[in-house]
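What follows is calculated from the coordinates using simple rules that are stated; it is not laboratory data. What you see is a predicted model, and the numbers here were worked out from it, not measured in a lab. Virtual Cβ from ideal backbone geometry, glycine too; neighbours counted across all protein chains shown.
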Amino acid sequence: MGEIGGFKQYKRQNENNKTAKKRIQNYAEFTIPLNKKKLNKQAARCMDCGIPFCHSGCPLGNLIPDFNDMVHLGEWKKASEILHATNNFPEFTGRLCPAPCEKACVLGIIDNPVSIENIEKQIVERAFKEGWIIPKPPEKRTRKTVAIVGSGPAGLATAQQLNRAGHTVTVFERADEIGGLLRYGIPNFKLEKEIIDRRVAILKAEGIIFKTNTEVGKNFSVEKLKTFDAIVLCGGATVRRSLPVKGIESKGVEQAMDFLTQQTKLLFNKPIKEEIINAKDKHVIVIGGGDTGSDCVGTSNRQGAASITNFEIMPKPPIGRSPNTPWPFWPLQLKTTTSHEEGCERNWLINTKEFITDKNGNLTALKTVEVEWVLTPNERPKLIEKANSEKIWKCDLALLALGFTGAENSISNQLGIEKDDRNNYKATNYQTNIPNVFVAGDMRRGQSLIVWAISEGREAAREVDLFLTGKTILPTKGKGDLMSS
């Protein structure tokens with residue numbers, strides 16, 4: 001540990017943000033980084049615990065005390081090497097991860113946890129700035145070919161790991177750009193797309209082949225896919241949840257992902273075939289209180305909505321950690337995002353009953369009812385509507401941010417892959433019922449976090465390598481790559 005007792009001397013300090021008034025004027029990232037001196041002090045807060053619970057909190061098993069120590073000592077290049085040894089894309093997780101590592105930080109028992117996520121982001125940004133992150137293609141090829149379907153974080157991590165093992169990797173993406181959810185699901189103000197582009201450039205230089213505008217099973221046949229020695233499916237959980245209520249087909253009721261994708265395409269002058277969804281001067285209601293709902297709030301503010309209201313069907317979480325989720329577990333706790341801070345009325349325990357329209361089918365209002373959750377005799381929660389609690393809300397744009405119900409059936413039906421009762425692709429050690437077909441990320445585990453997608457991609461790559469060669473040089477969780485950065 002670089003500074004004994006540093007956690008006693010220094011308080012947690014987060015990076016600053018531009019004011020809400022300034023940042024909603026554009027779609028650029030708005031964080032203001034801490035200087036090196038302050039970052040060194042933040043890293044010095046790490047206690048170098050005998051049992052670092054941050055390791056278990058992180059799905060990737062990042063070597064957090066090790067890179068913190070290097071930052072404190074000013075050894076930023078070594079910090080980058082340690083970070084990249086377990087995480088292929090810290091520039092993504094350093095911006096988008098909810099940081100379960102911080103919730104498991106031992107210091108968090110008595111004080112604010114170490115600012116691990118911010119340190120991680122600054123390490124990788126320094127590494128790119130200094131030119132330390134360079135392409136490292138494998139020294140030799142195995143003559144084995146691997147097809148990866150989907151270029152989100154799971155697909156990209158799988159691709160880089162298998163390429164490092166020497167296999168010839170081709171990534172198929174149905175969209176016009178690489179990145180999956182990172183590209184068109186995450187607003188630019190949270191992740192500028194140049195951040196994706198610079199990493200993809202590294203992957204291309206390492207020898208990975210990318211095919212965009214290529215949808216397996218449609219304009220690229222499954223028979224062609226079968227010519228590869230191994231296939232890894234990383235298409236995500238993309239079946240969107242809807243609401244079985246009257247008026248759901250009304251004009252003005254839109255899926256959140258359509259709204260967010262369009263805005264990113266508009267920002268980069270991409271063609272859009274569908275009618276433009278725009279919140280300007282509209283009374284917007286976002287149904288769903290998760291991260292996607294928050295992204296809709298931030299985007300609606302930037303488009304100039306007249307008002308923004310957010311509905312959540314669950315109870316309002318406590319401000320502090322709930323007794324039901326004690327340290328080091330992920331806490332049930334109120335999350336207020338920067339998008340919420342920009343302007344939004346939040347409501348909990350609200351259930352939408354009807355979308356009300358005018359005679360032309362245009363959305364004009366929502367009818368809701370207040371609800372509560374009660375335990376049934378078998379202790380399963382049941383939703384109960386409160387009597388006489390119906391309310392009409394003015395609304396001309398409703399955005400459904402209700403999550404996803406699993407993976408699409410197109411590829412599973414054509415390849416004959418079994419699915420489980422949650423509509424995910426079934427796999428044992430990432431291997432499906434078809435021996436040379438593997439699956440990773442949300443397509444296997446259901447809707448989850450970006451950090452889990454990267455972890456799944458790394459673990460699946462190891463299993464594919466073992467399948468193809470009978471051995472592997474690829475690391476297990478929390479173990480470093482020899483060709484890391």
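Filter the GluC sites (Glu not before Pro) in region 183-281 down to the DSSP loop ones having no more than 11 other Cβ atoms within 10 Å, then list what survives.
Loop-located and lightly packed - Glu249, Glu274, Glu275.
Of all GluC sites (Glu not before Pro) in region 395-485, which ones are in loop regions per DSSP and have a Cβ with at most 11 other Cβ atoms within 10 Å?
Hits after loop and neighbour filter: Glu418.
For the residues His55, His167, His72, what sequence is obtained by ranking on other C-beta atoms within 10 Å, fewest first?
By the 10 Å Cβ count, ascending, the order reads His55, His72, His167.
Calculate the dipole size of region 308-354 relative to its Cα centre from +1 charges on Lys and Arg beta carbons and -1 charges on Asp and Glu beta carbons; express the result in debye to the nearest 20.
240
Could you give me the ³J(HN,Hα) list for region 235-243, computed from phi with Karplus coefficients 6.51, -1.76, 1.60 and θ = phi - 60°, whole Hz, x at Gly and Pro?
Using θ = phi - 60°, the values come out as x, x, 9, 10, 7, 7, 7, 10, 10 Hz.
What does the charge dipole of region 154-279 about its Cα centre add up to, to the nearest 20 debye, if the Cβ of each Lys and Arg holds +1 and the Cβ of each Asp and Glu holds -1?
Roughly 120 debye, rounded to the nearest 20.
I want to check the label-to-label distance for Glu215 and Thr337. Put each point 7 Å from Cα in the C-beta direction and report it in nm to one decimal.
It is 2.7 nm.
For Glu354, enumerate residues with amide H under 5 Å from its amide H, sequence gap 5+ or separate chain, H modeled in the peptide plane.
For Glu354, whose amide H was placed from the backbone, the distant partners under 5 Å are Lys367.
Considering only DSSP beta bridges with both partners in the chain, what is the antiparallel share in %, to the nearest 5?
Of the beta bridges lying entirely in the chain, close to 40 percent run antiparallel.
Under 12 Å Cα-Cα from Lys391, which aspartates and glutamates qualify once same-chain neighbours fewer than 8 residues away are excluded?
The reachable aspartates and glutamates, counting only those whose Cα sits under 12 Å from Lys391, are Glu354, Glu370.
Tell me which lysines have Cα within less than 25 Å of Lys224's Cα, excluding those fewer than 8 residues away on the same chain?
Filter leaves Lys144, Lys204, Lys211, Lys419, Lys426.
For the chain, what is the mean residue ellipticity at 222 nm derived from helices alone (per DSSP H run of n ≥ 4: -39500 (n - 2.57); sum divided by total residues; nearest 500 deg cm²/dmol)?
Per the formula, -9000 deg cm²/dmol.
Taking the dipole about the Cα centre of region 32-179, with the C-beta of Lys and Arg at +1 and of Asp and Glu at -1, give me whichever of Asn40, Ile133, Val149 is farthest to the positive side.
Result: Ile133.
In sequence order, what are the phi-derived ³J(HN,Hα) couplings for region 462-474 according to the Karplus relation 6.51 cos²θ - 1.76 cosθ + 1.60 with θ = phi - 60°, rounded to whole Hz, with x for glycine and proline?
4, 5, 5, 4, 4, 5, 6, 10, x, 7, 8, 9, 6
Which residue, chosen from Leu375, Pro328, Val297, occupies the Cα position most advanced towards the positive end of the dipole of region 253-400, where the dipole is computed from +1 (Lys, Arg) and -1 (Asp, Glu) charges on Cβ about the Cα centre?
Going by the charge dipole, the pick is Pro328.
With the dipole of the chain worked out from charges on the C-beta (+1 for Lys and Arg, -1 for Asp and Glu) around the Cα centre, which of Ser455, Ser221, Pro90 lies farthest toward the positive end?
Value computed over the given set: Pro90.
Hey, can you grab everything whose amide H is under 5 Å from the amide H of Arg346? Only 5+ residues off in sequence or another chain; H modelled, so Pro and N-termini drop out.
When sequence neighbours closer than 5 places are left aside, the close amide H contacts are Asn310.
Roughly how big is the chain's charge dipole about its Cα centre, with Cβ charges of +1 (Lys, Arg) and -1 (Asp, Glu), in debye to the nearest 20?
560
Can you list the HN-Hα couplings for region 63-71, worked out from phi with the Karplus curve (6.51, -1.76, 1.60; θ = phi - 60°), rounded to whole Hz and with x for Gly and Pro?
In residue order, the calculated couplings are 7, 5, x, 5, 6, 4, 4, 5, 5 Hz.
Are there trypsin sites (Lys or Arg not before Pro) in region 137-169 that DSSP marks as loop and that have at most 11 other Cβ atoms within 10 Å, and which are they?
Lys140, Arg143
Among the listed pairs Lys190/Lys335; Lys251/Lys353; Lys11/Lys121; Lys193/Lys280; Lys36/Lys78, which are separated by more than 22 Å between their Cα atoms?
As for pairs spanning more than 22 Å Cα to Cα, those are Lys193/Lys280.
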